[in-house]
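The values are calculated or read from the model by the stated rules, or taken from the named source; none is laboratory data. Not measured: the values here are computed from a predicted model. Counting neighbours? That spans all protein chains shown, and the Cβs are built from the backbone with ideal geometry, glycine included. Only protein heavy atoms, including side chains, enter the accessible area calculation; ligands, DNA and RNA are left aside. Shrake-Rupley method; radii C 1.70, N 1.55, O 1.52, S 1.80 Å.
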Amino acid sequence: MSTYVVMAPPEFDDVAGDPRQTDRLAFIPDGFSVLAFLFAVIWLLVNRMWLVLLGYLAATLVIELLALSVSQEAMAVVALFTSILFGLEAQALRRWSLERKGWRVVGIVDALNKSEAELRFLHKAAGQVSPPRPQIDRQQRPASQPIIPRIGSEQVVGLTLGPETRQ
């Protein structure tokens, strides 16, 4: 199972209602991103992460220049390490970018895939929103029966013995 962080857009505020009313919720998985590992620059462009893209290009340029002075094998190892590190942190950087744009976290869901995460989140959110209760006056409500303690020779249910089983 994967963990998904559910984020709501900035135009959704607390006054507007519950997050189920918008179709712009972002379900961001927590974990390794294979697409970000394989196609980092394209993944950043598709997700519109401009600041992260600039930082990624600057960091890879510096790492490549440093590795160039060492050897070709070191350059390949450093490039692979950079890609693996970016694949591990890509989704966290995506959440950070959305938070900078005003998005906020509204929930966390465990699911096998994104569609199951959506269903689980909406089901959980539906359970939290309760329908309005009708108002009942105290005069209309039936009176509750008082609890009367029993004293006498009744049998007790539990670990104690009744009077006829004692010796």
Filtered residues of segment 42-66 (kept if open to solvent by less than 60 Å² (accessible area, probe 1.4 Å), aliphatic (A, V, I, L, M) and either more than 22 Å from residue 5 (Cα to Cα) or part of a helix (DSSP H, G or I) (or both)): 44, 52, 53, 58, 59, 63
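Mind listing just one residue for me: the one in segment 101-117 that is part of a helix (DSSP H, G or I) and more than 25 Å from residue 42 (Cα to Cα) and, of those, least open to solvent (accessible area, probe 1.4 Å)? Step through it out loud before you land on a result.
In the first step, residues of segment 101-117 are kept if they are part of a helix (DSSP H, G or I); the result is 114-117.
Next cut, more than 25 Å from residue 42 (Cα to Cα) only: 116-117.
Numbers: 116: 45, 117: 0 Å².
Result: 117.
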Output for Cβ contacts, cut-off 6 Å, separation at least six or different chains, first residue touching a residue at least 24 places away in the same chain (Cβ under 8 Å) in segment 35-55, second open to solvent by 80 Å² or more (accessible area, probe 1.4 Å) and part of a helix (DSSP H, G or I), reads 43/35
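Return the residue satisfying two criteria in turn: it lies in segment 67-100 and is polar (S, T, N, Q) and not in a helix (DSSP H, G or I), and of such residues it is most open to solvent (accessible area, probe 1.4 Å). Before the answer, list the steps.
In the first step, residues of segment 67-100 are kept if they are polar (S, T, N, Q); the result is 69, 71-72, 82-83, 91, 97.
Now drop any that are not not in a helix (DSSP H, G or I), which leaves 69, 71.
On the way: 69: 93, 71: 43 Å².
Looking at the filtered set, the residue picked out is 69.
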